[in-house]
Amino acid sequence: MSRGTSSWILATGQAWKLYVTVAGFTGALGLLTVAFFSLTSGGRTFMAFAACGLFLGAATFVWFTASLRCPHCAAKLVWTMVSSRPHSSWVIDLAALERCPVCKARLDQAATPTP
Ligand SMILES: [Zn+2]
């Protein structure tokens, strides 16, 4: 893999967290879609599906925020980026990070194993 196409998220073996997050948001979106369709048939299940969808979406975001960390100092990088960048660009900035904004260590290198 050439430099520039690989993100630190891949380099540090945390790509699966992205997939879980995408799956979680897809599931949440699916539940909300089902909720809205249930409105056309009486809407008695709307609240249940909508609540499940919102809960799944929120839980996915909280988990993603808590789990994607700097391999060196374990800083919560999603949270760091969300709270310090405009919300239109934090995802791009997060993926393009070369150094941890907290400890300044290079993110595309795994943490030095302790002997
Ligand atoms: Zn760090």
Inter-residue pairs, beta-carbon under 7 Å, first on the phi < 0 side of the Ramachandran plot and near the ligand (Cβ under 10 Å from one of its atoms) and in the stretch 95-110, second β-branched (V, I, T) and assigned to a loop (DSSP other than H, G, I, E, B), 6+ apart: L107/T12
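Within the stretch 38-68, can you find the residues that are within 16 Å of the ligand (Cβ to nearest atom) and either assigned to a loop (DSSP other than H, G, I, E, B) or over 11 Å from the mean Cα position of the chain (by Cα) (or both)?
Going residue by residue through the stretch 38-68, those that are within 16 Å of the ligand (Cβ to nearest atom) are 65-68.
The one that is within 16 Å of the ligand (Cβ to nearest atom) and either assigned to a loop (DSSP other than H, G, I, E, B) or over 11 Å from the mean Cα position of the chain (by Cα) (or both): L68.
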Complete set of residues in the stretch 75-115 that are within 30 Å of V34 (Cβ to Cβ) and either in contact with a Phe, Trp or Tyr (Cβ under 9 Å, 6 or more places away or on another chain) or assigned to a helix (DSSP H, G or I) (or both): V78, V82, W90, V91
Failed criterion for K17 (all others in (1) more than 16 Å from the ligand (Cβ to nearest atom); (2) loosely packed, with under 13 Cβ neighbours inside 10 Å; (3) among the charged types (D, E, K, R) hold): (2)
Among (1) more than 16 Å from the ligand (Cβ to nearest atom); (2) within 11 Å of the chain's Cα centre (by Cα); (3) of a type in the set (F, W, Y), the one test that W79 misses: (1)
Condition broken by H72, with the remaining ones in (1) in the same structural domain as C100 (by TED's automatic domain parsing); (2) surrounded by fewer than 17 Cβ atoms within 10 Å (Cβ to Cβ); (3) not small (G, A, S); (4) not in a helix (DSSP H, G or I) satisfied: (2)
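The values are calculated or read from the model by the stated rules, or taken from the named source; none is laboratory data. Given the structure is predicted, the values throughout are model-derived calculations rather than measurements. Every residue, glycine among them, receives a Cβ derived from its backbone with ideal geometry; neighbour counts consider all protein chains shown.
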